[in-house]
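To start, the structure itself, in structure tokens.
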Amino acid sequence: MGNLGPTELIIIAVVIILLFGAKKLPDMARSLGKSAKIFKAETKGLRDQDADDAPVQQQPVQQPVQQLPPAQPQPPVQQQPQVAPPIEQTTQNKAANN
């Protein structure tokens, strides 16, 4: 599966050219290159921002612990099993099943 020979690559290239057209391929490649450049710049900016934030360590702010009242126990609820009502068979249904 991972080994593509030259004939498979040629077939894939022909299919791509037929799908998108020869005129659109250079524009698509150009826009893909611009997108990759923008993505690379943004990820570099995020890495630089993380590096700037790393040396500054803040002390965690401790919130006072709020005690909640104990929960009131709920009485257990008796549940009856759910059963579907019986299906009535008419003479017409019996004839259709046979």
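Quick check on Thr43: is it modelled with pLDDT of 70 or more and among the hydroxyl-bearing types (Ser, Thr, Tyr)? Please lay out each step first, then the result.
Working: modelled with pLDDT of 70 or more: yes; among the hydroxyl-bearing types (Ser, Thr, Tyr): yes.
Criteria met by Thr43.
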**Q.** The lone exception for Thr91 - which of (1) at pLDDT 70 or above; (2) open to solvent by 100 Å² or more (accessible area, probe 1.4 Å) it fails
**A.** (1)
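For the range 1-28, name all the residues that are in a helix (DSSP H, G or I) and exposed (fewer than 10 other Cβ atoms within 10 Å of the Cβ).
We begin by selecting, within the range 1-28, every residue in a helix (DSSP H, G or I); these are 6-20, 24-28.
The answer is Pro6, Thr7, Leu18, Leu19, Pro26.
Any idea how many residues of the range 29-38 are open to solvent by 90 Å² or more (accessible area, probe 1.4 Å) and aliphatic (A, V, I, L, M)? Don't jump to the end; show me each part of the working.
From the range 29-38, those open to solvent by 90 Å² or more (accessible area, probe 1.4 Å) are 30, 32, 34, 37-38; that's our starting set.
Now narrow it down to the ones that are aliphatic (A, V, I, L, M): 32, 38.
Qualifying residue count for the region: 2.
The values are calculated or read from the model by the stated rules, or taken from the named source; none is laboratory data. What you are looking at is a predicted structure, and each value in this text was computed from that prediction instead of being measured. Cβ: placed from backbone, ideal geometry, glycine included. Neighbour counts: every protein chain shown. What goes into the accessible areas is simple: the full protein's heavy atoms, side chains included, and nothing from ligands, DNA or RNA. Shrake-Rupley method; radii C 1.70, N 1.55, O 1.52, S 1.80 Å.
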